[in-house]
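Contents: one structure, followed by commentary.
The values are calculated or read from the model by the stated rules, or taken from the named source; none is laboratory data. What you are looking at is a predicted structure, and each value in this text was computed from that prediction instead of being measured. All Cβ positions, glycine included, derive from the backbone under ideal geometry; neighbour counts span all protein chains shown. Surface areas here come from the heavy atoms of the whole protein model, side chains and all, with no ligands, DNA or RNA. Shrake-Rupley method; radii C 1.70, N 1.55, O 1.52, S 1.80 Å.
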Amino acid sequence: MSGLYEELKQQVAQERGVALATLVRSSSGQGIGAKLLVFSDKSFHGSFGLPELEARVVEDAEQAIWIGEPGTRLYTLGEETFEVFIEGFPPPPRLIIVGAGHIAIPLTTFARTLGYRVVVIDARAAFATRERFPHADELIVAWPDEVLASMDLNPSTAVAILTHDPKFDEPSLKVVLSRQVGYVGAIGSRKTSQERNERLKQQGLTDEQLSRIHAPIGLNIGAKTPEEMALAIMAEIVASRYGKDRTTILDWSRK
């Protein structure tokens, strides 16, 4: 049992998502205290001694990794019932900003203040500089889609695409929408967003994938300055993280 706890500590220290499931009650009284350590790829260590129960618990535990809220689940197998306590340990939230323009600067600061790890990606070396982004955890000068394709993108990741340039944002969106990230937002007016969606649809993206894009990006708070626009974007990212409905959005065509 101590081995599972040590592995849990290592996973958390390495900022990898993991969940711990503990059998707390069974109608037969058997197996109480048994544990499963469940990883984001649905592999696991430990055993309940019941493969069918383990399979069901692993599915729920993998989801719990990203929610991060502990809770007890009830399972019924035949005439026997089981209660399993599941606690998820998500990695720290991460914001990936594609495009090192003027809005990205305050957005980086707001995100860091809220505990996000911030990665800024831009192929333009003149924009992606440490002088402009002293608070970024990582600053990458490269084609964004190539970088994104090699990254671990998961439900704890938010991606804000701020390039205003189809040759950057469309390949990036194709990569991001093929993964289960927590948030995807793209700058542009309603007309620009609609035209971009049509092009992406012609490139093979589905309506379901396109519906995941928050575009125009940001909550409608009447923002005018880059700082206010960054605040609107960050507010939407936080709302999405906690499952709040997105009711209004900024119309960037007014800017």
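Which whole-Hz couplings ³J(HN,Hα) result when phi for each residue of the stretch 168-185 is put into the Karplus expression 6.51 cos²θ - 1.76 cosθ + 1.60, θ = phi - 60°, listed in order with x for Gly and Pro?
9, 6, 5, x, 5, 5, 4, 5, 5, 6, 8, 10, 9, 7, x, 8, 9, x
Heads up, I need the accessible area for Ser193: 1.4 angstrom probe, whole protein in place, Å², nearest 10.
10
If you count only protein heavy atoms with a 1.4 Å probe, what accessible area per residue comes out for the stretch 1-106, rounded to a whole Å²?
49
Identify the GluC sites (Glu not before Pro) of the stretch 1-78 meeting these criteria: DSSP loop state and at most 14 other C-beta atoms within 10 Å of the C-beta.
Those that pass, being in a loop and sparsely packed, are Glu15.
In Å², what does the accessible area per residue of the stretch 135-176 work out to with a 1.4 Å probe?
Each residue of the stretch 135-176 exposes 41 Å² on average to a 1.4 Å probe.
Could you order Val12, Val120 so the one with the most accessible surface comes first? Probe is 1.4 Å.
The ranking, largest first, comes out as Val12, Val120.
Report, in degrees rounded to the nearest 10, the 0 to 90 angle that the Cα long axis of helix 190-202 makes with the longest principal axis of the chain.
Tilt relative to the chain: about 60 degrees.
For the Cα atoms of the chain, what angle does the longest principal axis make with the long axis of helix 51-67, in degrees from 0 to 90, nearest 10?
30
Within the accessible area of the chain, what % is carbon and sulfur when the probe is 1.4 Å and the other protein chains stay in place?
51
Please count, across the chain, the pairs of lysine residues with Cα atoms under 16 Å apart that sit 8 or more places apart or on different chains.
6
About its Cα centre, what dipole magnitude does the stretch 104-157 give when the only charges are +1 on Lys and Arg Cβ and -1 on Asp and Glu Cβ, stated in debye to the nearest 20?
240
About the Cα centre of the chain, how large is the charge dipole given +1 on each Lys and Arg Cβ and -1 on each Asp and Glu Cβ? Please answer in debye to the nearest 20.
With only Lys, Arg, Asp and Glu charged at Cβ, the dipole is about 900 debye.
Over the chain, what is the relative contact order in whole percent, taking alpha-carbon pairs under 8 Å and six or more residues apart?
So the answer I get is 13 percent.
What is the angle, in °, between the Cα long axis of helix 2-13 and the longest principal axis of the Cα atoms in the chain? Nearest 10 is fine, range 0 to 90.
So the helix axis and the longest Cα principal axis differ by about 10 degrees.
So which trypsin sites (Lys or Arg not before Pro) in the stretch 98-152 end up in coil per DSSP with only 10 or fewer other C-beta atoms within 10 Å?
Within the stretch 98-152, the qualifying trypsin sites (Lys or Arg not before Pro) (loop, at most 10 other Cβ atoms within 10 Å) are Arg130.
Just one of (1) 1.04; (2) 0.98; (3) 1.17 is Cα Rg over 2.2 N^0.38 Å as worked out from the coordinates here. Which one is it?
(3)
Could you run the Karplus curve 6.51 cos²θ - 1.76 cosθ + 1.60 with θ = phi - 60° over the stretch 101-113 and give me ³J(HN,Hα) per residue in whole Hz, x for Gly and Pro?
Computed from phi, the couplings for the stretch 101-113 are x, 5, 6, 5, 5, x, 4, 4, 5, 4, 5, 4, 4 Hz.
Rounded if a/c is under 1.5, else prolate if a/b is larger than b/c, else oblate: which is the stretch 117-231, with a ≥ b ≥ c the root eigenvalues of its Cα gyration tensor?
oblate
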